[in-house]
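Some notes on the structure that comes next.
The values are calculated or read from the model by the stated rules, or taken from the named source; none is laboratory data. Bear in mind the structure is a predicted one, so any value in this text is a computation, not a measurement. Cβ: placed from backbone, ideal geometry, glycine included. Neighbour counts: every protein chain shown.
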Amino acid sequence: MHKAPLHRKPEFLIVGAQKAGTTSLYNCLKQHPDILPASTKEIHYFSQHFNKGLDWYLQHFPERESGKISGEASPFYLFHPHSAQRIASELPEIKIIILLRNPVQRAISHYHQQARRHHEKLSMMEAFQTENKRIGNAWNNLVAGKQLSGMKIQQCSYLKRGEYLEQILRYENYFPADQLCILESSDFFDHPQNVLRRVFEFLGVDPHFIPADLWPRKPGNYENAEPEILAFLNQYFAAHNEALFKHLGYRFNWQY
């Protein structure tokens, strides 16, 4: 019997959000016997390296027979204004996994990450309040196609990354609903087996497989942030969250 040719094109992408558990989810998925990992978790082809071409991208995935799948997780894909269109143009049948986290917690976690890496010198409130001034021009250039990516955008987009509806709509504009899987990070961390079963079903692999190492761990808990910062973030994201919930038709348990 003639065997199907080996292939390299990925079958799924975890596109974000940043600081929402994408590393934990990817490490669980790649334990499945039918899911082969890419050479690295984050390839960033559809954001930072799109000029290198599809052949360069596919070299990051293992050759495999039909029935085995592979994918990667680059959380900048959700936020990047052109990633959805680029993915659809080159991989129109791919399945997209979106992992969302309470944007208040996500913004605070993002800030702490940048401060630990010595990329952020401003106080938390200063960083949040001056975000648009710091990244506005670079973001406009990115949207206009005048630059491929932007380090300052990646580092300082504390608030804008939590405006999820705009980002999800970009993907819904290019992919049908059955190719999109939207998850919530606290649900994943609290009930990993249930969420993984849903993801495995979405990907078309054995949904009953349980990883030997359920690697997900609670992300940093920053609920003790200063009250004025929490109040600022809660107010900022309230309307964005309500618009998201209305669009999805269900709510996440994101306490303000």
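General observations
- Selection from region 64-102 of residues that are in a helix (DSSP H, G or I), of a type in the set (Ser, Thr, Tyr) and in contact (Cβ under 8 Å) with a residue 40 or more places away in the chain: Tyr77, Ser83
- Once region 164-181 is narrowed to residues that are hydrophobic (A, V, I, L, M, F, W, C) and under 15 Å from the mean Cα position of the chain (by Cα), the residue that is farthest from Pro92 (Cα to Cα) is Leu165.
- Answer from Leu58, Leu99, Leu36, Leu91 - the residue that is at pLDDT 95 or above, of a type outside the set (Phe, Trp, Tyr) and within 21 Å of Asn194 (Cα to Cα): Leu99
- Residue check, Ile43 hydrophobic (A, V, I, L, M, F, W, C) and in contact (Cβ under 8 Å) with a residue 60 or more places away in the chain: no
- In region 1-29, the residue that is farthest from Phe79 (Cα to Cα) out of those that are crowded, with 17+ Cβ neighbours inside 10 Å and charged (D, E, K, R) is Glu11.
- Count of region 65-88 residues, restricted to those that are at pLDDT 95 or above, among the charged types (D, E, K, R) and farther than 27 Å from Ser186 by Cβ, is 2.
- Residue in region 43-59 that is among the acidic types (Asp, Glu), in contact with a strand residue (DSSP E or B) (Cβ under 9 Å, 6 or more places away or on another chain) and over 25 Å from Trp139 (Cβ atoms) present: no
- Scanning region 190-207 for residues that are farther than 16 Å from Ile98 by Cβ and touching a residue at least 40 places away in the same chain (Cβ under 8 Å) turns up Pro192, Phe200, Gly204, Val205, Asp206.
- Candidates Arg161, Arg117, filtered to the one that is of a type in the set (D, E, K, R) and either surrounded by fewer than 13 Cβ atoms within 10 Å (Cβ to Cβ) or modelled with pLDDT under 95 (or both): Arg117
- Checked against the criterion of being within 19 Å of the chain's Cα centre (by Cα), touching a residue at least 40 places away in the same chain (Cβ under 8 Å) and part of a helix (DSSP H, G or I), region 114-133 has at least one qualifying residue.
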